[in-house]
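The values are calculated or read from the model by the stated rules, or taken from the named source; none is laboratory data. Here the structure is a predicted model, which means the values were calculated and not measured. No Cβ is skipped: glycine too gets one built from the backbone with ideal geometry, and neighbour counts run over all protein chains shown.
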Amino acid sequence: MPGKSNPSPLGPVLLIEDNFLVARVICDMLEELGSQWLLASSIETGVEALTAHPVGLVLSDIELPGELDGIALVRRLRHSHPDIPALLMTGNPTKAADAEAEFTVLMKPFGLRQLSDAIGTLLSSRK
């Protein structure tokens, strides 16, 4: 489900989140940041979106339904699409601690400022 917004130099953000209410709040924040977005509710639909649409950033929940979690997705993404930066998010402190050594992780709930800062830090570290 694509979101409407002014195009950002970042490109569309692929949001992978299985909780619709959480996804809606994050999509609203992305729009406030001037980003377009695509929404997927599972790893499988996220992978389909990656092959069908140009994406500037992936923002994925860690805990998702299916065989793979967000960590596995981002590891695969590093090999298949190394040019696409990725952020992980979770409300589970244990999952966050496990992932933080390897990835940028946002703890849910987060606000607009934390999202903006995390995206900015991720993008500046890739230059």
Where a residue in the range 38-55 is aliphatic (A, V, I, L, M) and its partner, wherever it lies, is part of a helix (DSSP H, G or I), with Cβ under 6 Å and at least six apart: L38/A49; L39/A23; A40/G46; A40/A49; I43/L73
Selected residue (criterion: farthest from P82 (Cα to Cα)) from residues of the range 98-127 that are among the basic types (K, R) and touching a residue at least 12 places away in the same chain (Cβ under 8 Å): K108
Conditions (1) out of contact with any Lys or Arg (no Cβ under 8 Å at 6 or more places or on another chain); (2) among the small types (G, A, S); (3) at pLDDT 95 or above; number of the one not met by G3: (3)
Which numbered condition C27 misses (of (1) touching a Phe, Trp or Tyr at 6+ places or on another chain (Cβ under 7 Å); (2) closer than 22 Å to T121 by Cα; (3) at pLDDT below 95): (3)
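Among the residues in the range 112-126, are any outside any helix (DSSP H, G or I), modelled with pLDDT of 95 or more and either surrounded by fewer than 20 Cβ atoms within 10 Å (Cβ to Cβ) or among the aromatic types (F, W, Y) (or both)? Show your work before the answer.
Pass one, the range 112-126, residues outside any helix (DSSP H, G or I): 126.
Now drop any that are not modelled with pLDDT of 95 or more, which leaves none.
Checking the range 112-126: not a single residue is outside any helix (DSSP H, G or I), modelled with pLDDT of 95 or more and either surrounded by fewer than 20 Cβ atoms within 10 Å (Cβ to Cβ) or among the aromatic types (F, W, Y) (or both).
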Odd one out for G70 among (1) within 14 Å of E17 (Cα to Cα); (2) in contact with a strand residue (DSSP E or B) (Cβ under 8 Å, 6 or more places away or on another chain); (3) without any contact (Cβ under 8 Å) to a residue 40 or more places away in the chain: (3)
